[in-house]
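Encoded as structure tokens, the structure appears first; notes follow it.
The values are calculated or read from the model by the stated rules, or taken from the named source; none is laboratory data. These numbers were taken from a predicted model, which means no experiment stands behind them. Here the Cβ positions follow ideal geometry from the backbone for every residue, glycine too, while neighbour counts run over all protein chains shown. We work out accessible area using only protein heavy atoms, side chains counted, and drop any ligands, DNA or RNA first. Shrake-Rupley method; radii C 1.70, N 1.55, O 1.52, S 1.80 Å.
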Amino acid sequence: MSAPTAPTPKPTVTEREARQVAEAAREQHWRKPSFAKELFLGRFRLDLIHPHPLPADEDVQRGEEFLAKLRDFCETQIDSARIEREARIPDEAINGLKELGAFGMKIDTKYGGLGLTQVYYNKALALAGSASPAIGALLSAHQSIGVPQPLKLFGTQEQKDTFLPRCARTDISAFLLTEPDVGSDPARLATMAVPDGDDYVLDGVKLWTTNGVVADLLVVMARVPRSEGHKGGITAFVVEAASEGITVENRNAFMGLRGLENGVTRFRGVRVPARNRIGAEGAGLKIALTTLNTGRLSLPAMCVGAGKWCLKIAREWSAVREQWGKPVALHEAVGSKISFIAATTFALEAVVDLSSQMADENRNDIRIEAALAKLYGSEMACLMADELVQIRGGRGFETAESLKARGERAVPAEQMLRDLRINRIFEGSTEIMHLLIAREAVDAHLSVAGDLIDPDKSLADKARAGANAGVFYARWLPKLVAGQGQVPGAYGAFHHHVDLSPHLRFVERSARKLARSTFYGMSRWQGRMETKQGFLGRIVDIGAELFAMSAACVRAEHLRASGEHGREAYQLADAFCRQSRIRVDELFGRLWSNTDDLDRTVVKGVLSGTYAWLEEGVMDPSGEGPWIADVTPPKKPRPDVRRVIPKS
């Protein structure tokens, strides 16, 4: 083994260089149609999602059979209260999930997996996550972003033959990208992978390694230095967690997801065979982003499960809890919250199922749809859980253990709120998701007019871009003036128990308005558009609402046509769309009437200490210490807290 070396100092990069790294990693081309991309361009392509795509019969049978087994296992073998109390998933529960095949849900049957579709994988995560959010996180991190997914997309046949059977039945995997000083800005990644003969030698520290404390296999992102014969760049590797030189230095504890096996992992002179490199050198970020295109759907799937549970508890509690002579559900102030939970759960399930089925069919590019599902699901699930706590009153704030101790049903409402909060940060924070989706939403504009606002381009390049932009906008802008949304009776196929056609006409009109607003913003701010994160965030939020409305209507019509709760589905879709339209109108208003400029002024004042006097009169219990931990290897290695799950 090579002698341990100190990590190379973190790369110093400018904001522009960081953006260039991120831009190089994103998928550059659109080879398949995208409903959400068209929506942001002002084109309501209902034909891309309606009629609702359907899974094959054999996929349904295989999926339903597994769901039945998983439900039985969760009911008899998962003790959620114990996981919360002990802050760990018992070994026997993990081994039981392995024997059930739950770690191989998305892995092809030829490698020993179950070969479930994305639709049924998500249904399974929703079910398991409702039994214990920590179980959902364990399974999701292993299959959605761990070793199986990047190998499925980019691995060699040798890598698949070697690692996928292990991932399907015996081994747990984790994904290691984040570092103590590197979050959503991977251009500053400091973990190094130095070529040495037929190996790479890894040195560095990874933070927030979900599953990393119990993992057998790791996907590690590390920087390969450029040298003769080596292109270099951020690169992905499959690493054996038991390799010499790997230490799990800490198991992190959080406000929620107490059973989450998430830690800090240090690499000191760890040798990794070159055959374990996934893809080419420098392709690591592209691999990570492509993996997340469908991997992100697992998180909103568990948010759907949370919404369903919130609805169940709200219904049962509000029917028996009386105030002023009648159940609290019949008081309008509480009833509106229940209606919000019911309608939003319906819409969120519609978004996840539609996106998942499109992923299974592989006919559409769903990178924006998956990102919108993650963004919308994580935000709305937190709101639903918060409303449930409010509906439950003091009991919502009380722990399940305390409720049980004094003789009441142990409803973990406050735990649900704590557990869901991380979803607004996991796999891309809400703020980063806004920027990621906004970049894809304006891709068509940048492809024709990007050189006009690029300071590094020559006058000749700008002239050519101007000509191309003139042709594009001459054709595009007139189409944003009128459409089906202004035609009475349009989308009449959605008029049955309730008339949903006005909502689809609203979506069509709003899509054109959204595209016009984006164009106005680009015309106004040009190269400064990327700094207008408040504006871009609202643009994305409008698109998310329009996508959810579309999915809700399509799902309602699908359920009606198949004879499954059609009347009720139409009612829920109608309620959701009416609630969503209010939010959309508010967001459109805030595009141009907001406090963004004033907020920037206040922020500068806060950072300069202008308002430091406002902080007087309180105590700070956080004590002393660095804001970001020093990653220099300690002289005396820290104890390894890795937890090895005994094989059953």
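Given the residues Ser144, Ser130, which is the only one that is open to solvent by 40 Å² or more (accessible area, probe 1.4 Å), touching a residue at least 60 places away in the same chain (Cβ under 8 Å), in a helix (DSSP H, G or I) and within 21 Å of Pro300 (Cα to Cα)?
Testing whether each residue is open to solvent by 40 Å² or more (accessible area, probe 1.4 Å), touching a residue at least 60 places away in the same chain (Cβ under 8 Å), in a helix (DSSP H, G or I) and within 21 Å of Pro300 (Cα to Cα) leaves just Ser130.
Do you know which residues across region 248-305 are in a helix (DSSP H, G or I), β-branched (Val, Ile, Thr) and under 28 Å from Ile89 (Cβ atoms)?
Within region 248-305, Thr291, Thr294, Val304 qualify.
Taking Thr170, is it of a type in the set (Val, Ile, Thr), open to solvent by 50 Å² or more (accessible area, probe 1.4 Å) and in contact (Cβ under 8 Å) with a residue 40 or more places away in the chain?
Taking the combined requirement at face value, the residue satisfies it.
If Ala187 satisfies all but one of (1) outside any helix (DSSP H, G or I); (2) more than 21 Å from Phe103 (Cα to Cα); (3) not aromatic (Phe, Trp, Tyr), what's the number of the condition it fails?
(1)
Any residue at all in region 389-400 that's in contact with a Gly (Cβ under 7 Å, 6 or more places away or on another chain) and either open to solvent by 10 Å² or more (accessible area, probe 1.4 Å) or touching a residue at least 40 places away in the same chain (Cβ under 8 Å) (or both)?
yes
Take region 475-496 and flag every residue that is open to solvent by 50 Å² or more (accessible area, probe 1.4 Å), in a helix (DSSP H, G or I) and farther than 21 Å from Ala569 by Cα.
If the condition is that a residue be open to solvent by 50 Å² or more (accessible area, probe 1.4 Å), in a helix (DSSP H, G or I) and farther than 21 Å from Ala569 by Cα, then Arg475, Leu477, Pro478, Lys479, Gln484, Gln486 are the ones that fit.
Can you pull out the residues in region 280-293 that are open to solvent by 10 Å² or more (accessible area, probe 1.4 Å), over 18 Å from Gly197 (Cβ atoms) and in contact with a strand residue (DSSP E or B) (Cβ under 6 Å, 6 or more places away or on another chain)?
Within region 280-293, Gly282, Leu285 qualify.
Of Glu92, Glu86, Glu179, Glu99, which residue is modelled with pLDDT under 95 and of a type outside the set (A, V, I, L, M, F, W, C)?
Answer to the selection: Glu179.
Check whether at least one residue in region 365-373 is in contact with a Lys or Arg (Cβ under 9 Å, 6 or more places away or on another chain), modelled with pLDDT of 95 or more and either hydroxyl-bearing (Ser, Thr, Tyr) or open to solvent by 30 Å² or more (accessible area, probe 1.4 Å) (or both), and report yes or no.
no
Filter region 527-540 down to residues that are under 30 Å from Gln357 (Cβ atoms) and either of a type in the set (Lys, Arg) or without any contact (Cβ under 8 Å) to a residue 60 or more places away in the chain (or both), then give me how many there are.
Residues in region 527-540 being under 30 Å from Gln357 (Cβ atoms) and either of a type in the set (Lys, Arg) or without any contact (Cβ under 8 Å) to a residue 60 or more places away in the chain (or both): 1 in total.
Provide a single number: the residues in region 624-638 that are touching a residue at least 60 places away in the same chain (Cβ under 8 Å) and over 32 Å from the mean Cα position of the chain (by Cα).
3
Just one of (1) in contact with a Lys or Arg (Cβ under 9 Å, 6 or more places away or on another chain); (2) farther than 19 Å from Thr294 by Cβ; (3) buried (at least 17 other Cβ atoms within 10 Å of the Cβ) trips up Leu164, so point out which.
If we test Leu164 against (1) in contact with a Lys or Arg (Cβ under 9 Å, 6 or more places away or on another chain); (2) farther than 19 Å from Thr294 by Cβ; (3) buried (at least 17 other Cβ atoms within 10 Å of the Cβ), just (2) comes out false.
Only one of Asp630, Asp640 is in a loop (DSSP other than H, G, I, E, B) and in contact with a Ser or Thr (Cβ under 8 Å, 6 or more places away or on another chain). Can you tell me which?
Asp640
Any chance you could count how many residues in region 78-98 are more than 14 Å from Leu139 (Cβ to Cβ) and surrounded by fewer than 21 Cβ atoms within 10 Å (Cβ to Cβ)?
Of the residues in that region, 11 qualify.
Return the only residue of Leu446, Leu435 being out of contact with any Pro (no Cβ under 9 Å at 6 or more places or on another chain), more than 15 Å from Gly543 (Cβ to Cβ), of a type outside the set (Ser, Thr, Tyr) and open to solvent by 50 Å² or more (accessible area, probe 1.4 Å).
When all the criteria are applied, what remains is Leu446.
Looking only at region 294-315, count how many residues are in contact with a helix residue (DSSP H, G or I) (Cβ under 9 Å, 6 or more places away or on another chain), charged (D, E, K, R) and open to solvent by 30 Å² or more (accessible area, probe 1.4 Å).
Adding up the residues that qualify gives 2.
For region 322-381, how many residues meet the condition of being farther than 19 Å from Arg583 by Cβ and of a type in the set (Ser, Thr, Tyr)?
Looking only at that region, the number is 2.
Within region 252-281, track down each residue that is aromatic (Phe, Trp, Tyr) and either within 18 Å of Ile234 (Cα to Cα) or free of Cβ contacts under 8 Å to residues at least 40 places away in the same chain (or both).
Within region 252-281, Phe267 is the sole residue that qualifies.
For region 497-523, what are the residues that are farther than 30 Å from Leu446 by Cα, at pLDDT 95 or above and open to solvent by 10 Å² or more (accessible area, probe 1.4 Å)?
Within region 497-523, Val498, Asp499, Pro502 qualify.
When you scan region 39-63, how many residues do you find that are charged (D, E, K, R) and touching a residue at least 40 places away in the same chain (Cβ under 8 Å)?
Number of matching residues: 3.
What helices (runs of 4 or more DSSP H) completely inside region 53-107 contain at least 2 residues that are among the polar types (S, T, N, Q)?
Ranges flagged: 57-77.
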